[in-house]
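The values are calculated or read from the model by the stated rules, or taken from the named source; none is laboratory data. These numbers were taken from a predicted model, which means no experiment stands behind them. FYI the Cβ positions are ideal-geometry reconstructions off the backbone, even for glycines, and counts take in every protein chain you see.
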Amino acid sequence: MPLDARIADVTDRIIDRSRDTRAPYLERMRKLAEEGPRRAHLTCGNQAHAYAAMGDDKDALVAARAPNIGIVTAYNDMLSAHQPFETYPQKLKDAARRVGATAQVAGGVPAMCDGVTQGQVGMELSLFSRDVIALAAGVALSHNTFDAALYLGVCDKIVPGLVISAATFGYLPALFVPAGPMVSGLPNDEKAKVRQQFAAGEVGREKLMEAEMASYHGPGTCTFYGTANSNQMLMEFMGLHLPGASFVNPGTPLRDALTAAAAERAAAITGLGNEYTPVCDILDEKAFVNGIVGLMATGGSTNLVIHLIAMARAAGVILDCSDFNDLSEATPLMARVYPNGLADVNHFHAAGGLAYMMGELLDAGLLHGDTLTVAGKGLGLYTQEPKLTDGTLTFEAGAGRSLNDKILRPVSDPFQPAGGLVELTGNLGRGVMKVSAVAPERRVVEAPAAIFHSQEDVKAAFKNNELNRDVIVVVRFQGPKANGMPELHALTPVLAVLQDRGHKVALLTDGRMSGASGKVPAAIHVAPEALDGGLIGKLRDGDRMRVDATNGVIEVLEEGVEARAPATPDLSANAHGVGREMFEIFRQAAGPATSGAGVVV
């Protein structure tokens with residue numbers, strides 16, 4: 001099938017926009033690749049330090065004829081998705097040895113759990129942790145002893161940070177190694193119902209705790225379709241995972257086989273062999289377009305809008321919010337996974353999952369099928385599924401059809417003709433809204449504004465019955481320069497209760513919502529942010545506003561707002577406590593959401 005003209009047009013304009021950055025980036029990578037294996041440039045003393053603790057692998061490392069693979073791990077016990085990585089380094093080393101290679105843990109990177117910090121001050125470090133992860137991975141690889149890299153990361157900021165580092169070391173091959181989702185527990189919609197009941201005072205904390213523990217109950221990613229699982233989808237669509245690796249549960253033989261296969265494949269694609277595949281050649285404009293199409297077809301996380309822009313910049317590719325909007329319009333919504341459906345990611349995977357979806361999108365001309373991947377040339381490889389037969393890993397054709405059309409549908413009969421994201425523009429600036437879980441009749445809200453400077457104040461107003469009406473809740477001074485752009489997911493139960501009471505409700509903020517943003521229309525990532533001169537900083541209680549996802553509009557309807565003096569809240573509390581002191585330089589240097597809200601790119 002020829003490439004859809006709309007996909008081609010967006011790709012062409014990204015290529016054109018990126019000419020001045022992509023070409024110099026590739027030139028740098030080519031020069032670094034021409035220098036040959038990294039270890040060849042180390043002195044004997046340098047190498048002795050690098051190999052001192054490597055035991056039986058020393059001879060192979062000194063000979064420099066076998067590939068040496070650097071492992072960058074985000075293992076910790078705080079993230080259920082990352083806990084399985086505890087045992088991965090030894091598995092990867094053993095697999096490397098079986099194919100005549102060596103592997104070393106190059107370094108660890110921090111990995112915070114947004115589920116723990118939701119609604120807490122620690123969330124103000126969350127977005128900046130992406131840049132810290134990129135920097136930490138850069139330190140790990142700076143030893144210059146590796147021929148390829150394996151990245152162990154799954155969750156929200158971790159994968160984007162690791163991709164930024166991988167792109168920076170783009171002359172090295174890079175594979176991302178997932179751990180898979182936890183098995184299904186309490187259904188996500190039942191958990192959300194209990195959260196709303198607690199917010200409304202209908203149940204106590206004991207009932208809430210029981211529901212939360214039944215939902216988040218074991219190793220693996222949380223099973224809803226938020227940022228963590230959107231990351232896993234993205235790595236397959238962009239060709240950085242092995243085919244079918246994303247949603248295989250931890251602790252299974254197939255998961256172990258895929259982990260070993262990642263090490264084997266990393267060894268095969270170094271510059272010492274015949275299949276040299278530097279990641280700079282994978283992370284091109286087409287790969288990023290494929291990733292965005294996957295995001296739209298699955299109704300994935302709004303956080304990926306910011307992260308994809310930052311990841312792409314590290315590879316010399318310049319994305320704009322309009323690219324997401326236009327690709328969303330071209331891409332049918334094919335999946336219903338919580339919060340835009342009742343199913344979880346395990347159900348989605350069982351229904352045919354990513355292999356089926358990519359096959360459909362390729363057949364419809366909505367993906368670039370000629371991209372380079374870690375598995376080889378062509379995205380068609382990712383329509384295959386991994387199988388374990390008599391202990392041997394093979395890749396076979398997927399089902400070729402949806403096994404549950406309430407969860408996964410073909411391009412010809414999607415849940416909706418356009419994808420899950422809308423760009424919003426107007427006199428308030430630019431923002432985005434995830435609409436895949438928002439009912440069409442709720443996508444346009446015109447109502448008076450209620451202005452807040454913290455989510456705690458919103459919750460207090462709700463408890464005082466001050467929001468029991470049609471309202472657009474504005475939470476400002478939540479951008480990267482103000483306080484690190486925390487997620488405001490703790491507001492979801494409160495706003496959902498108001499909506500369920502029959503009110504027209506929307507959120508507008510220069511902060512973020514969860515990657516699992518739900519049924520309440522939320523205009524987020526508004527830029528310029530309040531602290532950077534955005535008109536959102538001049539709004540007042542009662543201003544008539546319009547949030548319109550149908551026509552892509554965010555605007556204040558009052559006259560003379562531009563002439564007002566901006567609000568000047570006391571933000572000093574954002575500078576101290578839970579490590580925030582150390583991130584003042586990040587707040588000062590952060591770019592706007594429209595350019596990825598980053599510090600290092």
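Structure data summary
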read-out: All positions within the range 315-343 that are assigned to a loop (DSSP other than H, G, I, E, B) and under 15 Å from residue 595 (Cβ atoms); value: 315, 316, 317, 318, 319, 320
read-out: Criterion: among the aliphatic types (A, V, I, L, M) and surrounded by fewer than 24 Cβ atoms within 10 Å (Cβ to Cβ) - qualifying residue of 482, 461, 506; value: 461
read-out: Residue 251 over 30 Å from residue 38 (Cβ atoms), assigned to a helix (DSSP H, G or I) and either in contact with a Cys (Cβ under 6 Å, 6 or more places away or on another chain) or in contact (Cβ under 8 Å) with a residue 40 or more places away in the chain (or both); value: no
read-out: Residue match in the range 85-95 (condition: among the hydrophobic types (A, V, I, L, M, F, W, C), over 12 Å from residue 263 (Cα atoms), in contact with a helix residue (DSSP H, G or I) (Cβ under 6 Å, 6 or more places away or on another chain) and in the same structural domain as residue 66 (by TED's automatic domain parsing)); value: no
read-out: Residues satisfying the stated conditions in the range 584-601, i.e. assigned to a helix (DSSP H, G or I), farther than 16 Å from residue 511 by Cβ and touching a helix residue (DSSP H, G or I) at 6+ places or on another chain (Cβ under 8 Å); value: 584, 588, 595
read-out: Restricting the range 105-121 to residues that are buried (at least 20 other Cβ atoms within 10 Å of the Cβ) and more than 16 Å from the chain's Cα centre (by Cα), the residue that is farthest from residue 589 (Cα to Cα); value: 106
read-out: Set 96, 103, 64, 8: member being hydrophobic (A, V, I, L, M, F, W, C), in contact with a Lys or Arg (Cβ under 8 Å, 6 or more places away or on another chain) and modelled with pLDDT of 95 or more; value: 103
read-out: Residue within the range 511-520 that is touching a residue at least 12 places away in the same chain (Cβ under 8 Å), more than 26 Å from residue 310 (Cβ to Cβ), surrounded by fewer than 19 Cβ atoms within 10 Å (Cβ to Cβ) and outside the structural domain of residue 341 (by TED's automatic domain parsing) present; value: yes
read-out: Residue match in the range 523-530 (condition: surrounded by 20 or more Cβ atoms within 10 Å (Cβ to Cβ) and part of a helix (DSSP H, G or I)); value: yes
read-out: Given (1) under 17 Å from the mean Cα position of the chain (by Cα); (2) small (Gly, Ala, Ser); (3) not in a helix (DSSP H, G or I), number of the condition residue 287 does not satisfy; value: (3)
read-out: Subset of the range 462-491 [of a type in the set (Asp, Glu) and at pLDDT 95 or above]; value: 466, 470
read-out: Cross-chain or 6+ apart pairs with Cβ under 8 Å, the range 356-373 first and assigned by TED's automatic domain parsing to the domain that holds residue 246 and within 17 Å of residue 241 (Cα to Cα), then part of a loop (DSSP other than H, G, I, E, B) and of a type in the set (D, E, K, R); value: 356/401; 371/284; 372/284
read-out: From 172, 150, 125, residue being buried (at least 18 other Cβ atoms within 10 Å of the Cβ), more than 28 Å from residue 270 (Cβ to Cβ), in contact with a helix residue (DSSP H, G or I) (Cβ under 9 Å, 6 or more places away or on another chain) and not assigned by TED's automatic domain parsing to the domain that holds residue 480; value: 125
read-out: Residue match in the range 163-178 (condition: at positive phi, small (Gly, Ala, Ser) and at pLDDT 85 or above); value: no
read-out: Looking only at the range 370-388, and only at residues there that are part of a loop (DSSP other than H, G, I, E, B) and touching an Asp or Glu at 6+ places or on another chain (Cβ under 8 Å), the one that is surrounded by the fewest Cβ atoms within 10 Å (Cβ to Cβ); value: 378
read-out: Where residue 320 falls short, out of the listed (1) buried (at least 24 other Cβ atoms within 10 Å of the Cβ); (2) touching a residue at least 60 places away in the same chain (Cβ under 8 Å); value: (1)
read-out: For residue 297: the one exception among (1) crowded, with 24+ Cβ neighbours inside 10 Å; (2) in a loop (DSSP other than H, G, I, E, B); value: (2)
read-out: Residue list for the range 38-96, filter: of a type in the set (S, T, N, Q) and either outside any loop (DSSP other than H, G, I, E, B) or surrounded by fewer than 16 Cβ atoms within 10 Å (Cβ to Cβ) (or both); value: 43, 46, 47, 68, 73, 83, 87, 90
read-out: Unique residue being of a type in the set (A, V, I, L, M) and loosely packed, with under 15 Cβ neighbours inside 10 Å when the list is 1, 29; value: 1
read-out: Test: residue in the range 537-546 that is buried (at least 18 other Cβ atoms within 10 Å of the Cβ) and aliphatic (A, V, I, L, M); value: yes
read-out: Those residues of the range 573-598 which are touching a Phe, Trp or Tyr at 6+ places or on another chain (Cβ under 7 Å) and under 11 Å from residue 481 (Cβ atoms), in sequence order; value: 586
read-out: Qualifying residue in the range 496-511 (condition: touching a strand residue (DSSP E or B) at 6+ places or on another chain (Cβ under 6 Å) and assigned to a loop (DSSP other than H, G, I, E, B)); value: yes
read-out: Qualifying residue in the range 418-432 (condition: touching a Ser or Thr at 6+ places or on another chain (Cβ under 8 Å), surrounded by fewer than 20 Cβ atoms within 10 Å (Cβ to Cβ) and within 24 Å of residue 329 (Cα to Cα)); value: yes
read-out: Residue, farthest from residue 326 (Cα to Cα), within the range 541-583, restricted to residues that are touching a Lys or Arg at 6+ places or on another chain (Cβ under 8 Å) and in a strand (DSSP E or B); value: 556
read-out: Check on residue 454, more than 30 Å from residue 173 (Cα to Cα), among the hydroxyl-bearing types (Ser, Thr, Tyr), surrounded by fewer than 20 Cβ atoms within 10 Å (Cβ to Cβ) and more than 27 Å from the chain's Cα centre (by Cα); value: no
read-out: Hey, residue 367 aliphatic (A, V, I, L, M) and surrounded by 19 or more Cβ atoms within 10 Å (Cβ to Cβ) or not; value: yes
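Conditions tested, residue by residue: (1) aliphatic (A, V, I, L, M); (2) within 26 Å of residue 268 (Cα to Cα); (3) not assigned by TED's automatic domain parsing to the domain that holds residue 144.
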| site | (1), (2), (3) |
| --- | --- |
| 16 | no, no, no |
| 20 | no, no, no |
| 41 | no, yes, no |
| 45 | no, no, no |
| 48 | yes, yes, no |
| 58 | no, yes, no |
